[in-house]
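S.K.: Please see the structure below; I have some questions.
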Amino acid sequence: MGKKIPVWQCLLVMVVMIVALMWSIIVDDGGEPHIALIIAASFAAIIGVANGWKWNYMEQGILASINRSMQAILILAIVGAMICSWLAAGTIPSMMYYGIKVISPKVFLVTACILCSIVSLATGSSWSTAGSMGVALIGVGTALGFPVAMTAGAVVSGAYFGDKMSPLSDTTNLAPAMAGATLFGHIKHMVYTTGTSLVIALVAYAVMGFMHASNNAVDMSVVDEISTFIQGSSKISVLSLLPPIFVIVAVAMKFPAIPSLIGGVFIGVPFFFWNKTAVETATGLPLKNSIFTIMNNGISMGQVPEGTEDGSIISQLASLLSNGGTETVYRADDRFEDIILDKKEVSYSYFGDPLYVWMDDEYNQYEVEAEVMEDVLKYLEDGMKAEVVLYNGRPISIELPTILVREVVYTEPAVKGDTSGKVMKPAKLATGHIVQVPAFVNTGDKIEIDTRTDEYRSRVM
């Protein structure tokens, strides 16, 4: 056994870790954080050895700490399969459908809070709930005349309550694992604080909802639209709610966490066949040939109808019905998949209201939306060369050449003898765009323009 390590040496380990992490993130352009942690751990080991602690003893402590967190790691591994299973079983769509159908204006805020609690409890993710179901409820609340802040408060309250109380949540699993407590014991004792907070919130939302609904007219069309969309994405049935009911009952009866969650996964599998049509439509494969793939990768249900705007309620709901949510919480050592963008040299062809059509050398046409063209329109002319940026074959932007030559169609006459270039004046291009040019530039002159800054560079002689 070694001697007691001074506090300043312990703090020094923390300083090394912070410096290494900052170096990894800032200097190394987002390098691997776990390398910084290994450096800090190695420094801590050196300090331990310097104070007389044997490596074998420290190694046993490391392994003991890892062992305490293994249950949480196994649970998190099962959660992914559970969400995939419940999507294919129609469980998550059914939860959403029945939750939205019971919405009444007077109890909307209360219902929104409870609904987000249930979804977050079932998925173990407050971010996914708020970023998907929450978006839908914001839209419903807006249609019902509720201020966005009210609805957002109800969504966040419910999402965080469900996350804290869910045996599927990463933080709920890791906290007792590191503290040496049991998962269900941790959840039980959180009821006293988290549960009390939820009750207070529900009372406040009930009062606000009743007062607001009594004083405002209500439009339920958005609720009907969302319900119809969910119903069309999957087979809706009360029976498909059996998997989460099983998990909740298992939690209440204090069954071991891992067997309970595995049971929740496999109870959902028979409902794949109940929801067979929707599953096969989503995967494009016979169900018997894709069961294991579905449990591993999930499916994308809820196809967005043509003409639906990106960012709309329906679009966000479709994201929720695609592998469990619109938001994912990433750990520090996770790597993001690279987004690959293609570029093609194109020439401007014509305006087909409301789209601008560009064409490449192989006569492929690219239709670009007007909002993407805002900066391009300042210099747009027939046959203009540019680059179209493509993501998954879809045009997302137009990149102009750095330097363009354009003719000045009108500018005030230059002051005779002034060639210094210090006095500037406005000059109008054929597109109507105004550029500041030196006083010696005249109507009919051609000028070079830096498209990055919209600034005059030189006169073309």
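Matching residues to (1) among the small types (Gly, Ala, Ser); (2) surrounded by fewer than 18 Cβ atoms within 10 Å (Cβ to Cβ); (3) modelled with pLDDT of 75 or more:
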{"site": "6", "(1), (2), (3)": "no, yes, yes"}
{"site": "30", "(1), (2), (3)": "yes, yes, no"}
{"site": "40", "(1), (2), (3)": "yes, no, yes"}
{"site": "90", "(1), (2), (3)": "yes, no, yes"}
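S.K.: Considering (1) within 24 Å of the chain's Cα centre (by Cα); (2) at pLDDT 80 or above, say which one residue 17 fails and leave the rest.
M.R.: Of the numbered conditions (1) within 24 Å of the chain's Cα centre (by Cα); (2) at pLDDT 80 or above, the odd one out for residue 17 is (1).
S.K.: When only residues in region 447-461 that are touching a Ser or Thr at 6+ places or on another chain (Cβ under 9 Å) and in a strand (DSSP E or B) count, which is modelled with the lowest pLDDT? Quick ask: steps written out before the conclusion?
M.R.: Initial filter on region 447-461 (touching a Ser or Thr at 6+ places or on another chain (Cβ under 9 Å)): 447-448, 450-452.
Narrowing further to those that are in a strand (DSSP E or B): 447-448, 450.
Numbers: 447: 93, 448: 92, 450: 89.
Among residues in region 447-461 that are touching a Ser or Thr at 6+ places or on another chain (Cβ under 9 Å) and in a strand (DSSP E or B), the one modelled with the lowest pLDDT is 450.
S.K.: Of the residues 282, 278, 318, which single one is surrounded by 13 or more Cβ atoms within 10 Å (Cβ to Cβ) and either under 30 Å from residue 70 (Cα atoms) or at pLDDT 75 or above (or both)?
M.R.: Working: 282 fails: either under 30 Å from residue 70 (Cα atoms) or at pLDDT 75 or above (or both); 318 fails: either under 30 Å from residue 70 (Cα atoms) or at pLDDT 75 or above (or both).
Step by step, each of 282, 278, 318 is checked, and only 278 is surrounded by 13 or more Cβ atoms within 10 Å (Cβ to Cβ) and either under 30 Å from residue 70 (Cα atoms) or at pLDDT 75 or above (or both).
S.K.: Something else about it: Just checking: which of the helices (runs of 4 or more DSSP H) contained wholly in region 159-259 hold 1 or more residues that are crowded, with 18+ Cβ neighbours inside 10 Å, of a type outside the set (Lys, Arg) and modelled with pLDDT of 75 or more? I'd like the intermediate steps shown before the answer.
M.R.: Working: elements: 170-179, 183-190, 196-215, 221-233, 242-252.
Filter on region 159-259 gives 170-179, 183-190, 196-215, 242-252.
S.K.: From the list 292, 351, 336, which one is farther than 13 Å from residue 87 by Cβ, at pLDDT 85 or above and out of contact with any His (no Cβ under 9 Å at 6 or more places or on another chain)?
M.R.: On the way: 292 fails: at pLDDT 85 or above; 336 fails: at pLDDT 85 or above.
Checking each option against the conditions leaves just 351.
S.K.: Just one of the numbered conditions (1) of a type outside the set (D, E, K, R); (2) touching a residue at least 12 places away in the same chain (Cβ under 8 Å); (3) more than 21 Å from residue 347 (Cα to Cα); (4) in a strand (DSSP E or B) is not true of residue 389; which one?
M.R.: (3)
S.K.: Run down 402, 451 and say which single residue is β-branched (Val, Ile, Thr) and surrounded by 14 or more Cβ atoms within 10 Å (Cβ to Cβ). Outline the logic, then answer.
M.R.: Working: 402 fails: surrounded by 14 or more Cβ atoms within 10 Å (Cβ to Cβ).
That would be 451, the only listed residue that is β-branched (Val, Ile, Thr) and surrounded by 14 or more Cβ atoms within 10 Å (Cβ to Cβ).
S.K.: Can you spot a residue in region 297-315 that is modelled with pLDDT of 70 or more and either under 25 Å from the mean Cα position of the chain (by Cα) or not assigned by TED's automatic domain parsing to the domain that holds residue 92 (or both)?
M.R.: Quick first cut of region 297-315, residues modelled with pLDDT of 70 or more only: none.
No - not one qualifying residue is present in region 297-315.
The values are calculated or read from the model by the stated rules, or taken from the named source; none is laboratory data. Values in this document were obtained by computation on a predicted structure and should not be read as measured data. Glycine gets a Cβ as well: all are built from the backbone with ideal geometry, and neighbour counts include every protein chain shown.
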